[in-house]
C-alpha cells in the first residue's frame, strides 16, 4: 500500500505528460490563437466603446457651447442697438440721465447666466473679456455722464469710439467662432441653426 502511495505522484505526472504529448502542438497553437483573439476582441470593443463615448461627449459639448455663444451674440447685438439709441437720444436732446423715460435698458441675462455655466471656460478668453470690458466701459461712460462728470458731447465721442472699437475687434471674433463651431458640428452630422435675422430692436427714446 505504501509503495503505491509513494509512486502515485509519479504516475499522475506521467499521465499528464502523455496527455499533453498526445494533444500535439497543433492543439495548443490553435487554443493560444483563440485565447489571443478573444482578449484582443474584448480590448478593441472596449476601446471602440470608449472612443465613441468620448466623441459623443465632445459633440454634445460643442453643440451646447454653440447655442450658448449664439445667445451671447444675440444679447450683444441688442445691447449695441441700445447704445446706438442712447447716442441718438443724446444727440437729439443734448442731455442724458439714467431715469429719463423712454431710454432703453441694457440686458445682461445671458452674461449673468454664463457665470454659472460649465461651458464658460470653453469660450475663447478674448471674446469673454471683450464683451465684459465693453459693458463695463459703456456703463462707466453713462454713469459719469449721469453724474455730470462727462459733458454730453464728450459722452457721445467716447461712446461712439467704444462701440466702433467693439464692432471692429470683438464682433468679428464672435462671428468667426460661431462659424467654426457650426462647421465642426456639421462635419459630425449635427445641424444647428445659424444666427439669423436682424438684431432685436431697442425701443427708440423719444
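What number goes with the only condition from (1) closer than 20 Å to residue 157 by Cβ; (2) at pLDDT below 90; (3) in contact with a helix residue (DSSP H, G or I) (Cβ under 9 Å, 6 or more places away or on another chain) that residue 83 does not pass?
(2)
Only one of these is part of a helix (DSSP H, G or I), in contact with a helix residue (DSSP H, G or I) (Cβ under 6 Å, 6 or more places away or on another chain), at pLDDT 85 or above and farther than 26 Å from residue 60 by Cα: 163, 110, 127. Name it.
So the residue among 163, 110, 127 that is part of a helix (DSSP H, G or I), in contact with a helix residue (DSSP H, G or I) (Cβ under 6 Å, 6 or more places away or on another chain), at pLDDT 85 or above and farther than 26 Å from residue 60 by Cα is 163.
Given the structure, is residue 118 part of a loop (DSSP other than H, G, I, E, B) and closer than 29 Å to residue 63 by Cα?
yes
If I go through segment 79-107 residue by residue, how many of them are more than 22 Å from residue 148 (Cβ to Cβ) and assigned to a loop (DSSP other than H, G, I, E, B)?
Residues in segment 79-107 being more than 22 Å from residue 148 (Cβ to Cβ) and assigned to a loop (DSSP other than H, G, I, E, B): 1 in total.
Within segment 115-133, can you find the residues that are closer than 19 Å to residue 82 by Cβ and either touching a strand residue (DSSP E or B) at 6+ places or on another chain (Cβ under 9 Å) or in contact (Cβ under 8 Å) with a residue 40 or more places away in the chain (or both)?
Correct list: 130, 131.
Looking for something surrounded by 15 or more Cβ atoms within 10 Å (Cβ to Cβ) and within 30 Å of residue 63 (Cβ to Cβ) - is there at least one such residue anywhere in segment 138-153?
No.
The values are calculated or read from the model by the stated rules, or taken from the named source; none is laboratory data. If you're wondering where the values come from, they're calculated on a predicted model, not measured in any experiment. Because the Cβ atoms are built from the backbone with ideal geometry, glycine has one as well, and the counts that use them run over all protein chains shown.
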